[in-house]
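See below for the structure under consideration.
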Amino acid sequence: MDEGSTTLQMIPALVGKSGLMVITNFFPIVKALMEYEQKKQFDGDIIFLGGHVHSAHGRTGGSFTKTMAQSFFPDKAFISLDGIEPKIGMTGYHSEKCSLSELFIYQAKQVYALADHSKLGVTANYKIESLTAFDHVICNADAPANWDIKGLDWITC
């Protein structure tokens, strides 16, 4: 799970699940999972990817983080986005975050993009990957009717 308020919203859905391994570089996710674990509401492995600390974003990044991430091949990757635009793809505002997201995409068996309605039609500074690199999009709004998203499973929640 990469960084972001959207991925953090997924944590309560992990309550009661067992046998999961959550790999992240985002301090708030680790903190939330540890709190659930202490209450015996989460039974899984929490892997924190260390590296250069970016306190303003609550995450780690850089070469150490990326080197650690290269050791894992998760079943599912959950990637938060700053923008989705069908011709350009999935984008973000921070190059270091985008680079790590790209690695997670290539290492995972299934890839989920997480975004709210405010990200639709937005192009941020850096391309993460094209729409075709993702298997699923989870969003609080339907896909715009004029978007060609063949092969992409759009989940509205």
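Bear in mind these aren't lab numbers, they're just calculated from the coordinates by the rules spelled out. Keep in mind that what you see is a predicted model, and the values were worked out from it rather than measured. Don't worry about glycine lacking a Cβ; one is built from the backbone with ideal geometry, like all the others, and counts go over all protein chains shown.
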> Which loop chymotrypsin sites (Phe, Trp or Tyr not before Pro) in segment 36-139, with loop taken from DSSP, have no more than 14 other Cβ atoms within 10 angstrom of their Cβ?
Replying inline: Tyr93
> Which percent, to the nearest 5, of DSSP beta bridges fully inside segment 66-121 are antiparallel?
Replying inline: 35
> How large is ³J(HN,Hα) for each residue in segment 69-82, as worked out from phi by the Karplus curve 6.51 cos²θ - 1.76 cosθ + 1.60 (θ = phi - 60°), to whole Hz, x for Gly and Pro?
Replying inline: 4, 5, 7, 10, 10, x, 5, 9, 10, 10, 10, 8, 10, 9
>> For the chain, take the longest principal axis of its alpha carbons; what is the angle in degrees between that and the long axis of helix 95-107, to the nearest 10 within 0 to 90?
In response: 80
> Based on the Cα atoms of segment 71-157, what semi-axes does the equivalent ellipsoid have, where each is the square root of 5 times one gyration tensor eigenvalue, given in whole Å with the largest first?
Replying inline: 19, 15, 11
> So what is the relative contact order of the chain, in percent, for Cα pairs below 8 Å that sit 6 or more residues apart?
Replying inline: 19
>> How large is the convex hull of the C-alpha atoms of the chain per residue, in Å³?
In response: 104
> Against the longest principal axis of the chain, how steep is helix 27-38, in degrees 0 to 90 to the nearest 10, with axes from Cα atoms?
Replying inline: 50
> Tell me, what ³J(HN,Hα) does each residue in segment 132-142 have, in order and in whole Hz, if you take phi through Karplus 6.51 cos²θ - 1.76 cosθ + 1.60 with θ = phi - 60° and put x for Gly and Pro?
Replying inline: 5, 7, 9, 8, 9, 10, 10, 9, 8, 9, 5
>> For the pair Lys127/Gln38, report the inter-label distance in nm, with labels modelled 7 Å from Cα in the Cβ direction.
In response: 4.5
> Under unit Cβ charges (Lys, Arg +1; Asp, Glu -1), what dipole magnitude, rounded to 20 debye, does the chain have relative to its Cα centre?
Replying inline: 200
> What's the Cα-based Rg to Rh of segment 1-84, Rh via Kirkwood?
Replying inline: 0.95
>> If you filter segment 61-157 for trypsin sites (Lys or Arg not before Pro), then keep DSSP loop positions with at most 15 other Cβ within 10 Å, what is left?
In response: Lys87, Lys109, Lys150
>> For the pairs Lys109/Lys150; Lys39/Lys66; Lys17/Lys127; Lys31/Lys76; Lys31/Lys87; Lys31/Lys97, flag any whose C-alpha to C-alpha distance is greater than 25 Å.
In response: Lys39/Lys66; Lys17/Lys127; Lys31/Lys87
>> Over 13 Å apart: what share of the alpha carbon pairs of segment 57-98 falls there, rounded to a whole percent?
In response: 67
> Under 5 Å between amide H atoms, partner at least 5 residues away or on a different chain: which partners does Lys76 have, H built in plane at 1.01 Å?
Replying inline: Lys109, Gln110
>> How much of the DSSP bridge set in the chain is antiparallel, in percent, rounded to the nearest 5?
In response: 35
